[in-house]
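Okay, so here's the structure we're looking at.
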Amino acid sequence: MKIMKNKTLLAIITLFTAAALQAAPVEIDRVSAIVDDSIIMKSELDARINSVKRQMAGQLPPDDILKEQVLERLILENIQLQMAERGGVQISDQQLTDTIKRIAKQNNMTLEQFSQALKKDGLSYKEAVEQIRTEMLISRVQKFQVNKRVKISEQDVDYFLASKAGKMASEAEYRLSHILISIPSEASSDEIQKAEKKANKVVASIRAGKDFRQQAIANSKGRNALKGGDLGWRKEAQLPSLFADAVTQLNVGETSEPIKSASGFHIIQIADKRGGSTFLITQTKVRHILVMPNEIRTDADAEDRIKQVYNKLTNDGDFTELAKEYSDDPGSAANGGDLGWVNPGDMVPAFDDMMNDSQPGQLSKPFKSKFGWHILEVEGRKETDMGKQVQRNQVQQMLQARQFEEELPIWLRKIRSEAYVDIKEL
């Protein structure tokens, strides 16, 4: 009887085993494509398709075409990520965090609100972070590789600035305010003198601090008088010829002398200005002595040494000779510490702050920057128009970006054609 029970149990086990072996296998995942040394899984493809469907609801092609397009994009991403790995391109956690904060800020969100918004779109915060990391890696690879193919010469910049589009892009715009002290069509000399006298009086009151808008409302016969004389923004080429010469001679906030025409005396003020080739900066001529800590000199030793140099300077020591003897700045020491004309922001913050706070001819007290201990002396200041150079830099960046957009798809086709890609199933 006992033997029979064991035989029955064995039969049951055999039956269930056979049934299990005959059951249909459950698919976990499969390979959709092999790309060089990597693979794209079906789960990855499906997840990306679902993401696209969520973001582009109602604006999608048929499923078979969508699947093909998404797989092709994944293949290109995969090729570029492998290039990033081979090139040692990395995104630090801090860089990633800063980027996420910037994206949240651009959307007027806190990180918590950003995370909640992602959840509503069906994307977890972790998935979004990895997607951003991927995009940053790909962006760096593209910039490095494609920018090697982009060459913008000084001649290219010249050609653009000389073109119609270049002239329009670089033209200054003025926001003008206007007052018209009118005269009759056949005015007598007395009427003209009276109008001119009134115009001069209005100009004097504005320059003395009276509000231009109020003066326009009270005195102007121009069409925009009730708007405070506001003429809006005008390109330089769109300025009335009557005003053109005066406008280009005025700074923002300045008021012109009365300008006579057949209709009367015009007073204009530049309320604002944008664009153009004028960009004034304050340059500072400065020299310094730097004492740096090193393997045998501690920070305290460096501080003591700079104090000794300071004492020598305040006791009629020669700055040029002391800089040659004591300064550790190899770029300026041989020139007596001379740094030449310095632009705002060129120096580290500690140096920049001390330089801006010092008057010409004034010797600073010893101060510390990330490089070591300094003494500086401001030798002079001047206003320099960097507008032409700024304008050229902006044009070069614009042309660079334009050519980058033209070269990127060409480069993407090239790396796609050179890669080994085996699509397993669509």
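Please treat every number below as a calculation from the coordinates, not as lab data. Quick caveat: nothing in here was measured; it's all calculated off a predicted structure. When we count neighbours, we look across all protein chains shown, and the Cβ atoms used for this are built from the backbone with ideal geometry, even at glycine.
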Rounded to one decimal in nm, the spacing of the 7 Å Cα→Cβ label points at Ile410 and Glu425 is 4.0
Residue span Gln394 to Arg381: 0.36 nm per residue of separation minus Cα-Cα distance leaves a gain in nm of 2.1 nm
Over all viewing directions the Cα convex hull of the stretch 280-384 casts an average projected area in nm² of 6.2
For Ser369, other-chain or 5+-apart residues with amide H closer than 5 Å (H placed, Pro excluded) are His374
Sorted largest first, the Cα spans of the stretch 172-274 on the principal axes come out in Å as 41, 28, 23
Working note, the chain: Cα radius of gyration (Å, one decimal) and Dmax (Å, whole number) are 36.3, 142
In order over the stretch 291-305: 3J(HN,Hα) from phi, Karplus 6.51/-1.76/1.60, θ = phi - 60°, whole Hz, x for each Gly or Pro, gives 10, 9, x, 8, 4, 10, 10, 6, 4, 5, 5, 5, 5, 4, 5
Length gained, Glu196-Thr248, 0.36 nm per residue minus C-alpha separation, equals 16.4 nm
Residues of the stretch 367-385 with backbone N under 12 Å of the label point set 7 Å from the Cα of Glu295 along Cα→Cβ are none
One finds, for Ala334 and Asp158 with R0 = 25 angstrom and r their Cβ-Cβ distance, a FRET efficiency to the nearest 0.05 of 0.10
With +1 on the Cβ of every Lys and Arg and -1 on the Cβ of every Asp and Glu, the dipole magnitude of the stretch 280-384 about its Cα centre, in debye rounded to the nearest 20, is 120
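Using only alpha carbon pairs under 8 Å that are at least six residues apart, calculate the relative contact order of the chain and give it in whole percent.
17
If neighbour count is taken as other Cβ atoms inside 10 Å, put Asp121, Asp156 in order from fewest to most.
Taking fewest neighbouring Cβ atoms as first place, the list is Asp121, Asp156.
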Note, the stretch 336-345: 3J(HN,Hα) by Karplus (6.51, -1.76, 1.60, θ = phi - 60°), whole Hz, Gly/Pro = x, goes x, x, 5, 9, x, 8, 10, 8, x, x
Two pseudo-spin positions, 7 Å from Cα along C-beta at Thr320 and at Lys307, lie apart in nanometres by 3.0
Given Cβ charges of +1 for Lys and Arg and -1 for Asp and Glu, the option among Ala204, Gly228, Phe160 whose Cα lies farthest towards the positive end of the dipole of the stretch 145-256 is Gly228
For Lys368, placing the label point 7 angstrom along Cα-to-beta-carbon and taking the stretch 284-308, residues whose amide nitrogen sits under 17 Å are 290-308
Tilt, helix 189-207 to longest principal axis of the chain (alpha-carbon atoms), in degrees rounded to tens, equals 50
By Cβ neighbour count within 10 Å, fewest first, Trp411, Trp373 rank Trp411, Trp373
Amide H contacts under 5 Å for Gly222, restricted to residues at least 5 apart in sequence or on another chain and with H modeled in the peptide plane, are Leu180
Ranked from fewest to most other Cβ atoms within 10 Å of their own Cβ, Lys368, Lys164 fall in the order Lys164, Lys368
